[in-house]
Amino acid sequence: MDEQARRRRPASAQHGQRVGRPTTLESGGPSLAVILSLVRAGALTRLDIERKSELGRAAVADRLATLKRLGLTEEGELGRPQGGRAPRHVRLRANAGAVLVAQVDRMSLAVGLANLAGNLIVEHHEAADLALGPEPILDRLTALFYWLLDERGGKEAAWATAVALPEAALVDANDGDTFGIATLDILRAWRAFDFAAELSLRFGAPAFVRGNTQMMTLGEMKAGAGLGVENLVCVRIDRSLSAGVVSGGRLHPGAHGLAGLVGHAPTGEAGDVLCHCGAKGCLDAVASAEAVERAALLAATDGRSRYLADVMARHGDVTANDVGHGAQLGDAFCAELLSRSGRLIGESLAPIVNLLNPAVVVLAGALAHSGEILLAAVREAIYRRSHALATRDLRIVRSQLAGSAELVGAASHATEQVFASARGWAALGSPRREPAFLSFLAAAKTKRGRSSVVELSPTKPL
C-alpha cells in the first residue's frame, strides 16, 4: 500500500482497530439489561418486549439472540395465538448460575443454594458457636458452600453470595449479651471483620451481608406470610426482639441499618433486671425469650410450676420451648407467662401499627410458634391499643417459613442486587466479569495484603 492510500485510511484502521458499526456486545449493554429485566419479571413474548421496552423489532430480535447466546434466556411455552401462529415466550434461564446463601445465629448456622430466580433449591442446618469468632465460621461456610456447588459446576457457577448475621455482629448496638459472646474482644472481631469482601475473594462473586431480622423480613415478603403485601412489619421474638419494616414494597433499613429495635421500647413494667442497653423496663428485659427463660427458671426452683420443676430435674435447665410445651399441657404458670409476654409485646407494637398502618404483622421465632396463647395476647393488645382505622384490615399471623425465612430472604436480596447492576455485566454474561466488581476484587486483595485469592480445599463437610 502506497503512502497516499495509507493516509486516506481512518486512524482506527491504521492502528489495527475494527471500524464500522459496533456489535451488540460492545454497545448494547443498557438495552440488554432492560430486556433482561423485563424477561426476569415474567415470561414474555417478543411482541410484549417490543411494547414494554420501546425498542424496534430488529433491535429486540438482536438483543434476544445475544442473551440466548450468552446463556441468560431460553424459549418457554407457547402463548395465546393472536390472529396467527402462537407466539413463544422468552424466560430467564434460572439455572445459568447459582446463589449461595447462609444464615448465622447465636448457636446455629444454615446454608442454602438458590437459582437465579431466587428460589431456594436446597438447604442445610447445623449447630455452631459464634464465640469461636468470624474466621472459623467463615471457613465452615466456605466448606459447606463448596459442598453445595460440588455437583453444579464448582465455584464458577456461583453468581453471588448473601449472608444473614446477627445485628450485633454488624454494628455496635450495645447488645453483646444477646449475641451470646462473653468476650468483648471477640465481639469487636466480628464487627471489624469484612464478611462481604472475604466471601467475594473466596468465590470470585459479589457478596452481600445484612442482619438476620431484615433478611427474615425479605423472606416472608417473597414467599411467606407477607407474599403480595407492600406494607409489612415482621417481628422476631428471640433472646431479644427486633422488627423488619416494609413500606411501599421496600425494606426500610434505617440510617445505620438499625431500624426495628423494638426490644428497647419502654414498657413501664417494674423490675430490677437491666436491659442490655442499661435501662430498666425495656421490652427485651421483660418479654423476650431470655426473660421468659429467666422467669421459668425461678418458677422451677421455687415450686410455682410443677411441670417446669420436673423439666429442671430431668435436664438441669429450662428453655422457652419448655414453657411453650408446658402451656400446651395446661400448666397455669407457663400459660400466664406467655400471655404476659404477648400482652407486653402487643402493647409495644401498637404505636408502630398506628404510625405505619401495615397490612400484616408477622411474628417469628420460637416463642411465636409456642402455641395460640402468646399470639392471642399480642392480637388483643394491638387491637385494644391501636386506632380502629389502623387495625380494620390488619392481619396478625405467625411466620410461615420458620427457620428458612432468612435463607429465602438472602436469596431474594442477592438476586435483586445482582440484576439491578445488569447494565454493567449483561453483555459479558455474568456478574463475575463486571469491570467494577473486578476492580473491587483487586482493591480487596491489595487491602488484605495478598496477591491472589486464598481458597480452601473443596472437601465435603458431611
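The values are calculated or read from the model by the stated rules, or taken from the named source; none is laboratory data. Here the structure is a predicted model, which is why all the values come from computation and not from measurement. Note: ideal-geometry Cβ built from the backbone for every residue, glycine included; neighbour counts use all protein chains shown. Accessible surface areas use protein heavy atoms only, side chains included; no ligands, DNA or RNA. Shrake-Rupley method; radii C 1.70, N 1.55, O 1.52, S 1.80 Å.
Against the criterion of being crowded, with 22+ Cβ neighbours inside 10 Å and either in contact with a helix residue (DSSP H, G or I) (Cβ under 8 Å, 6 or more places away or on another chain) or at pLDDT below 95 (or both), Ala427 qualifies. Taking region 94-114 as the range and being within 27 Å of Ala131 (Cβ to Cβ) and either in contact with a Pro (Cβ under 7 Å, 6 or more places away or on another chain) or open to solvent by less than 10 Å² (accessible area, probe 1.4 Å) (or both) as the test, the residues that pass are Leu100, Val101, Ala102, Val104, Asp105, Arg106, Leu109, Ala110, Val111, Gly112. The single residue among Leu349, Leu356, Leu337 that is of a type in the set (A, V, I, L, M, F, W, C), over 28 Å from the mean Cα position of the chain (by Cα), under 26 Å from Pro266 (Cβ atoms) and at pLDDT 95 or above turns out to be Leu337.
Within the set of pairs 6 or more residues apart or between chains, which connect a residue that is under 15 Å from Met216 (Cα atoms) and open to solvent by 60 Å² or more (accessible area, probe 1.4 Å) inside region 383-412 to a residue that is in a helix (DSSP H, G or I) and charged (D, E, K, R) with Cβ atoms less than 8 Å apart? Taking only residues 6 or more apart or on different chains, the pairs are Gln400/Glu220.
If you take the residues of region 123-136 that are modelled with pLDDT of 95 or more and touching a helix residue (DSSP H, G or I) at 6+ places or on another chain (Cβ under 8 Å), which of them is most open to solvent (accessible area, probe 1.4 Å)? For region 123-136, the residue satisfying everything is His125. With respect to the stated conditions, Arg379 fails to be more than 30 Å from Pro30 (Cα to Cα), modelled with pLDDT of 95 or more and surrounded by fewer than 18 Cβ atoms within 10 Å (Cβ to Cβ). When region 187-202 is filtered for residues that are open to solvent by less than 20 Å² (accessible area, probe 1.4 Å) and either of a type in the set (Phe, Trp, Tyr) or closer than 13 Å to Glu167 by Cα (or both), the ones remaining, listed by number, are Leu187, Trp190, Phe195.
With the requirement that a residue be surrounded by 15 or more Cβ atoms within 10 Å (Cβ to Cβ) and within 24 Å of Gly228 (Cβ to Cβ), what does region 243-266 give you? Once the filter is applied, which keeps residues that are surrounded by 15 or more Cβ atoms within 10 Å (Cβ to Cβ) and within 24 Å of Gly228 (Cβ to Cβ), region 243-266 yields Ala243, Gly244, Val245, Val246, Leu251, Pro253, Ala259, Gly260. Of the strands (runs of 3 or more DSSP E) lying entirely inside region 182-254, none contains at least 2 residues that are among the β-branched types (Val, Ile, Thr), at pLDDT below 95 and under 18 Å from the mean Cα position of the chain (by Cα). Residues in region 413-424 that are within 28 Å of Val111 (Cα to Cα), in contact (Cβ under 8 Å) with a residue 12 or more places away in the chain and open to solvent by 20 Å² or more (accessible area, probe 1.4 Å): 5 in all.
For His369, the stated conditions hold: it is closer than 18 Å to Thr213 by Cα, surrounded by fewer than 21 Cβ atoms within 10 Å (Cβ to Cβ), touching a helix residue (DSSP H, G or I) at 6+ places or on another chain (Cβ under 8 Å) and in contact (Cβ under 8 Å) with a residue 40 or more places away in the chain. Of all the residues that make up region 51-77, how many are within 34 Å of the chain's Cα centre (by Cα) and either under 21 Å from Ala157 (Cα atoms) or open to solvent by 40 Å² or more (accessible area, probe 1.4 Å) (or both)? Number of matching residues: 16. Among the residues making up region 34-47, those that are surrounded by 13 or more Cβ atoms within 10 Å (Cβ to Cβ) and modelled with pLDDT under 90 are Ala43, Leu44, Thr45, Arg46, Leu47. Looking across region 340-356, the residues that are open to solvent by less than 40 Å² (accessible area, probe 1.4 Å) and within 26 Å of Ser305 (Cα to Cα) come down to Ser341, Gly342, Leu344, Ile345, Gly346. Any residue that is of a type in the set (Asp, Glu), farther than 16 Å from Thr415 by Cα and buried (at least 17 other Cβ atoms within 10 Å of the Cβ) - is there at least one of those in region 146-155? No; the residues of region 146-155 include none that is of a type in the set (Asp, Glu), farther than 16 Å from Thr415 by Cα and buried (at least 17 other Cβ atoms within 10 Å of the Cβ).
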